[in-house]
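Undergrad: Could you have a look at this structure, given as structure tokens, before my questions?
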Amino acid sequence: MNVPPVMDSSLPPAGAELERVRRMVQACMQCGTCSGSCPNAAAMDLTPRRLWRLVLLDRGEEIFRSRTFTLCSACYRCTLRCPRGLPLTEAMHALQRAAHRGRMRRYRAVTAFHHQFLESVRRNGRVNEMAFMMHYIAAVKNPLLLLRHAALGLQLAARGSLPLGRRPSRSLEALFRRAAEVENAP
Ligand code: SF4
Ligand code: SF4
């Protein structure tokens, strides 16, 4: 599949983060097991194996032109199957964080989605679909999304699958704090 052209002047970001990912995958022997194991590989413009090759070659521009790491659903199959035991899911997350911290335009919607999803879980103990969508739409400043998803929302509400009332709150603040400490560890 072709890599889309560079349209984003903020490419590439976060050299330190990329260096951290390079250290995570430096023992990669390009066997391709990660690509063969990934359930989302067919939708990725670069296979995971190719992505790690570009990381090792320090090709930040090509890496952040790709949407591969945004399609990682954190299933951990690649991590479990990599014969070198590399932390590949964590490396995908690190690339997502680099794109987020670099405030790259092309990833704005994806990072807003992740951020609002996690904020909803942090606030409610689980995702509150209605509040999450409203915050997400406000974050990406695209009211057309509201129209696009209105019919589905009404269908779900009619079936009782979209609770409109407030859910009991169970804060996961301590868990999120610990995750941030681990992520920010050198
Ligand atoms: S499975 Fe591991 S060693 Fe094989 S290509 Fe993927 S990252 Fe490299
Ligand atoms: S953790 Fe991500 S990259 Fe690895 S196999 Fe699952 S979806 Fe693919």
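Undergrad: Return yes or no: is Arg123 closer than 30 Å to Ala16 by Cβ, of a type in the set (Lys, Arg) and modelled with pLDDT of 80 or more? Walk me through it before giving the result.
TA: Working: closer than 30 Å to Ala16 by Cβ: no; of a type in the set (Lys, Arg): yes; modelled with pLDDT of 80 or more: yes.
Answer is no for this residue.
Undergrad: Collect the residues in the stretch 163-186 that are farther than 22 Å from Arg20 by Cα and at pLDDT 70 or above, keeping them in residue-number order.
TA: Leu172, Glu173, Ala174, Leu175
Undergrad: Related question: Could you list, in sequence order, all residues of the stretch 117-139 that are among the acidic types (Asp, Glu) and more than 20 Å from Leu156 (Cα to Cα)?
TA: Narrowing the stretch 117-139 to residues among the acidic types (Asp, Glu): 119, 129.
Residue satisfying the conditions is Glu119 alone.
Undergrad: Let me ask you something else. Which ones in the stretch 57-85 are in contact with a Pro (Cβ under 9 Å, 6 or more places away or on another chain) and either exposed (fewer than 14 other Cβ atoms within 10 Å of the Cβ) or acidic (Asp, Glu) (or both)?
TA: Listed by number, the residues that qualify are Glu61, Glu62, Ser73, Cys75.
Undergrad: Okay, moving on. Quick check on my filter: what residues within the stretch 51-88 are part of a helix (DSSP H, G or I) and within 11 Å of ligand 1 (Cβ to nearest atom)?
TA: Going residue by residue through the stretch 51-88, those that are part of a helix (DSSP H, G or I) are 51-56, 60-63, 68-71, 77-81, 88.
Within the stretch 51-88, Leu51, Trp52, Arg53, Val55, Leu56, Arg77, Cys78, Thr79, Leu80, Arg81, Leu88 qualify.
Undergrad: For the stretch 33-50, give me each residue that is within 14 Å of ligand 1 (Cβ to nearest atom) and either of a type outside the set (D, E, K, R) or touching a Leu at 6+ places or on another chain (Cβ under 7 Å) (or both). Please lay out each step first, then the result.
TA: Our first condition is that a residue be within 14 Å of ligand 1 (Cβ to nearest atom); within the stretch 33-50, this holds for 33-38, 41, 44, 46-50.
Those that are within 14 Å of ligand 1 (Cβ to nearest atom) and either of a type outside the set (D, E, K, R) or touching a Leu at 6+ places or on another chain (Cβ under 7 Å) (or both): Thr33, Cys34, Ser35, Gly36, Ser37, Cys38, Ala41, Met44, Leu46, Thr47, Pro48.
Let's see how each residue does on (1) aliphatic (A, V, I, L, M); (2) assigned to a loop (DSSP other than H, G, I, E, B); (3) surrounded by 16 or more Cβ atoms within 10 Å (Cβ to Cβ):
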site: Arg106; (1), (2), (3): no, no, yes
site: Val110; (1), (2), (3): yes, no, yes
site: Ser120; (1), (2), (3): no, no, yes
site: Arg123; (1), (2), (3): no, no, yes
site: Arg126; (1), (2), (3): no, yes, no
site: Phe132; (1), (2), (3): no, no, yes
site: His135; (1), (2), (3): no, no, yes
site: Ala139; (1), (2), (3): yes, no, yes
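The values are calculated or read from the model by the stated rules, or taken from the named source; none is laboratory data. Remember, it's a predicted structure, so these values are computed and weren't measured experimentally. Positions of Cβ are generated from backbone atoms using ideal geometry, with glycine treated the same way; all protein chains shown enter the neighbour counts.
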